[in-house]
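In what follows, a single structure is set out as structure tokens and then discussed.
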Amino acid sequence: MPGPLHGLRIIEFAGLGPGPFACMMLADHGATVIRIERPGGTQGGPESDTTTDILLRSRKRIAIDMKSASGIAVLRDLIATADGLVEGFRPGVMERLGLGPDDMLALNPKLVYGRMTGWGQTGPYAPMAGHDINYIALSGALHAFGRKGEKPTPPINMMGDFGGGAMMLAFGMVSALLHVQRGGDGTVIDAAMTDGSALLMSMIYSFHGQGWWQDERGVNMLDTGAHFYDVYETRDGKFISLGPIEPQFYAKMLALTGLADDPAMQPQNDTAKWDDMRDRLARVIALKTRGEWDAVMVGSDACYAPVLSLTEAPAHPHNRARETFLTAGGVKQPAPAPRYSTIATTQPEMADGHTHTREILAQLGYSETLIKETLAQGGVS
């Protein structure tokens, strides 16, 4: 069967990073996503970049001049027949174009209007420029990433852009689309990366409130404070990850590393001894290569995995068995996730560098004559 979002049409206004990722998720799961691009090339790079940009896979593309009357007319026709819309401009930009939520919901009362920004549509920071690092700084998330005694370390842009922004927007879109299908009205989604990254920290805020998570980096169980939840360097300069939190798994790790009889390694949760136990464990791990530790650990309950590079991960036997990565358009990329038992995700298709303008206009009901007239006016291409 086709994907769970099959039959839904989403209008995506071209942007960078998190917006395309949210729309990639919707397309991966069966929605028809029509990407509105600038004439002469998509936002974020020259036209040729679209053929290798994984985030732009599985889309229909049309270039529209949003400053032209003919372009706006086509855009309004698209939005009038759409189930959802996604935009990531600063607050007020869509309103100035005459495409704000009030106007578009008047045009299409069942529309789900998704807005994603860093600071949100309201609040004193809303008009300011920013990036992932700023948004997760304000939510308290960035403070938690890093080792003891060191400055905060940004987790690239996974926490704000993609976790707190794109995934929250995708979830919000699907939730609101379900609401509409059950008879509800269209709505506006205000997806702010500050809000989303704060929400992702819910467990840590809970632990802190309960009194057993210190408001300090690198001294807690999950932030590299614990010796049994950390990354270790091997003899060949590579790394492995260990995470045996439960006592039975910790015992298995000690047995496989030869430390089961070391009394200094027994008080697993004695935080005062974590640094000493980390040093002892690090010295043992450094005696073998990563491959040698694979031979010792894989198949056990020691909560172990090798730390793989971006080049290595697609070739790993587990990822190959699950087809976690695939190749489309000559580009190696992560496969759609999650999986379903009885319905299929969309087989990714990379952009070919061309728009689908005629096809899109025909689906709107434009006659061949009207398509030619519209193209001649120059508002779309």
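The values are calculated or read from the model by the stated rules, or taken from the named source; none is laboratory data. Every value quoted in this text rests on a predicted model; they were computed, and no experiment measured them. Don't worry about glycine lacking a Cβ; one is built from the backbone with ideal geometry, like all the others, and counts go over all protein chains shown.
Please determine whether any residue of region 357-372 is free of Cβ contacts under 8 Å to residues at least 40 places away in the same chain, within 31 Å of the chain's Cα centre (by Cα), surrounded by fewer than 16 Cβ atoms within 10 Å (Cβ to Cβ) and at negative phi.
Yes.
List pairs: first in region 174-197 and assigned by TED's automatic domain parsing to the domain that holds F162, second of a type in the set (K, R) and assigned to a strand (DSSP E or B), Cβ under 8 Å, 6+ apart or cross-chain?
Filtered contacts from region 174-197: V188/R115; I189/R115; D190/R115; A191/R115.
One line per residue, one yes/no per condition, for (1) assigned by TED's automatic domain parsing to the domain that holds T52; (2) over 30 Å from the mean Cα position of the chain (by Cα); (3) part of a loop (DSSP other than H, G, I, E, B); (4) at pLDDT below 95:
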{"site": "H318", "(1), (2), (3), (4)": "no, no, no, no"}
{"site": "A321", "(1), (2), (3), (4)": "no, no, no, no"}
{"site": "P348", "(1), (2), (3), (4)": "yes, no, yes, no"}
{"site": "D352", "(1), (2), (3), (4)": "yes, no, yes, yes"}
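Whether any residue in region 132-140 is free of Cβ contacts under 8 Å to residues at least 24 places away in the same chain and among the hydroxyl-bearing types (S, T, Y) is what I want to check.
no
Which number in (1) surrounded by 14 or more Cβ atoms within 10 Å (Cβ to Cβ); (2) in contact (Cβ under 8 Å) with a residue 12 or more places away in the chain marks the one condition that D236 misses?
So D236 meets the others, but not (1).
Do we find a residue being assigned by TED's automatic domain parsing to the domain that holds M297, within 28 Å of A313 (Cβ to Cβ) and aliphatic (A, V, I, L, M) anywhere in region 256-274? Spell out the reasoning first.
First, the residues of region 256-274 that are assigned by TED's automatic domain parsing to the domain that holds M297: 256-274.
With within 28 Å of A313 (Cβ to Cβ) added as a condition, the list becomes 256-257.
Filter once more, keeping what is aliphatic (A, V, I, L, M): 256.
The answer is yes, given that some residue of region 256-274 is assigned by TED's automatic domain parsing to the domain that holds M297, within 28 Å of A313 (Cβ to Cβ) and aliphatic (A, V, I, L, M).
Can you tell me which residue within region 68-84, out of those that are of a type in the set (G, A, S) and in contact (Cβ under 8 Å) with a residue 40 or more places away in the chain, is surrounded by the fewest Cβ atoms within 10 Å (Cβ to Cβ)?
Of region 68-84, the ones of a type in the set (G, A, S) are 68-71, 73, 80, 82, 84.
Applying the additional criterion that residues be in contact (Cβ under 8 Å) with a residue 40 or more places away in the chain yields 68-71, 73, 82, 84.
Numbers: S68: 16, A69: 9, S70: 17, G71: 22, A73: 15, A82: 21, G84: 27.
The qualifying residue surrounded by the fewest Cβ atoms within 10 Å (Cβ to Cβ) is A69.
So is E95 in contact with a Pro (Cβ under 9 Å, 6 or more places away or on another chain), assigned by TED's automatic domain parsing to the domain that holds T345 and charged (D, E, K, R) or not?
Details: in contact with a Pro (Cβ under 9 Å, 6 or more places away or on another chain): yes; assigned by TED's automatic domain parsing to the domain that holds T345: yes; charged (D, E, K, R): yes.
Answer is yes for this residue.
Out of the residues in region 14-33 that are buried (at least 24 other Cβ atoms within 10 Å of the Cβ) and touching a strand residue (DSSP E or B) at 6+ places or on another chain (Cβ under 7 Å), which is nearest to D132 (Cα to Cα)?
Looking at the filtered set, the residue picked out is P18.
As an exercise: evaluate G3 against (1) surrounded by 15 or more Cβ atoms within 10 Å (Cβ to Cβ); (2) of a type outside the set (S, T, Y); (3) assigned by TED's automatic domain parsing to the domain that holds D190 and give the number of the one condition it does not meet.
Exception for G3: condition (3).
Of all the strands (runs of 3 or more DSSP E) wholly in region 9-107, which have at least 1 residues that are more than 20 Å from the chain's Cα centre (by Cα)?
Numbers: elements: 9-13, 32-37, 60-63, 84-87.
Filter on region 9-107 gives 9-13, 32-37, 60-63.
Looking at G165, G146, G160, which one is in contact with an Asp or Glu (Cβ under 6 Å, 6 or more places away or on another chain) and within 28 Å of Q214 (Cα to Cα)? Break it down stepwise before answering.
Numbers: G165 fails: in contact with an Asp or Glu (Cβ under 6 Å, 6 or more places away or on another chain); G146 fails: in contact with an Asp or Glu (Cβ under 6 Å, 6 or more places away or on another chain).
Going through G165, G146, G160 in turn, just one is in contact with an Asp or Glu (Cβ under 6 Å, 6 or more places away or on another chain) and within 28 Å of Q214 (Cα to Cα): G160.
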